[in-house]
1. Give the label of the value calculated from the structure for semi-axes √(5λ) of the Cα gyration tensor in Å, choosing from [x] 37, 25, 15; [y] 46, 19, 12; [z] 43, 20, 17.
2. If you fit an axis through the alpha-carbon atoms of helix 3-12 and take the longest principal axis of the Cα set of the chain, what angle between them do you get, 0 to 90°, nearest 10?
3. Would you kindly state the longest site-free stretch of the chain, with sites defined as chymotrypsin sites (Phe, Trp or Tyr not before Pro) in a DSSP loop (not H, G, I, E, B) surrounded by at most 16 other Cβ atoms within 10 Å?
4. Given Cα pairs under 8 Å that are at least 6 residues apart, what percent is the relative contact order of the chain?
5. Based on the Cβ-Cβ distance of residue 23 and residue 52, what FRET efficiency does E = 1/(1 + (r/R0)^6) give at R0 = 41 Å, to the nearest 0.05?
6. Taking 0.36 nm per residue of sequence separation and subtracting the Cα-Cα distance, how much length would be gained by fully extending the chain between residue 94 and residue 111, in nm to one decimal?
7. Please rank 55, 72, fewest neighbouring Cβ atoms within 10 Å first, as an exposure proxy.
8. Which FRET efficiency value, to the nearest 0.05, do you get for residue 102 and residue 152 by plugging their Cβ-Cβ distance into 1/(1 + (r/R0)^6) with R0 = 25 Å?
Amino acid sequence: MPKKTFEAAAKAQVSAIIQLKDNQPTLLNDAVTACAATRPVSSDVSVDKARNRHETRTAEVFRAKPAVAGTEWETLVTDIIRVNRTVLHRSSKTGLWSRTSEVAYYLANFSAPAKRCAEAIRDHWHVENTLHYTRDVTFLEDQSRIRTNPGVFARLRSFGYNILRRNKVSTFSQDRYAAALRGLDALLKWSYS
């Protein structure tokens, strides 16, 4: 997570919540230590139940000052958000439940209640799971070997995704295949009708 992201958010005067990952080991360790040493400012627990799945998410907001004091992040980060996800999966074959658990840390450049932060994080994953998953699976974006101007082709994939999304008939892969059969002229005509 580059510091430039937070600097750009501050310059644009927008709120940002960004996941803290292993590529910032010192900052991550400082955040984990700060969260373990203090009580959360606010917390929120939500439960999602599905047929063979039971997920409990606990979001907690901590002040970032202990973790970022005296660092380059001090003026950029206001809060640390810790999200603990515990998921119970039921095997349809055996009827037994298995448990997975993970903890994720996020940095925010604003202060907000845990419920609002949890909703923002969930909304982000909704986009990740719909747009990015479709681009990765249907358009095979992760397997692309394009090394010259990859951004141009990413925009073309986005353009194709938006056309298919607007005119969705069945699944993305079936619509993509049908569009390829009709040709580019038919696809462009189809998008403007």
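What follows draws every value from the coordinates through simple rules; no lab data is involved. What you see is a predicted model, and the numbers here were worked out from it, not measured in a lab. Glycine also receives a Cβ, built like all others from the backbone with ideal geometry; neighbour counts cover every protein chain displayed.
1. [x]
2. It is inclined by approximately 80 degrees.
3. On the way: sites that count: 110, 192.
Maximal segment without exposed cleavage sites: 1-109.
4. Values: 242 pairs, mean separation 33.0, N = 193.
Once normalised by length, the contact order is 17 percent.
5. For R0 = 41 Å, the calculated efficiency reads 0.75.
6. Values: separation 17, 0.36 × 17 = 6.12 nm, distance 4.52 nm.
Using 0.36 nm per residue and subtracting the Cα-Cα distance, I get 1.6 nm.
7. Working: 55 15, 72 11.
Fewest-to-most ranking of 55, 72: 72, 55.
8. Details: r = 36 Å, r/R0 = 1.44.
Efficiency at R0 = 25 Å is approximately 0.10.
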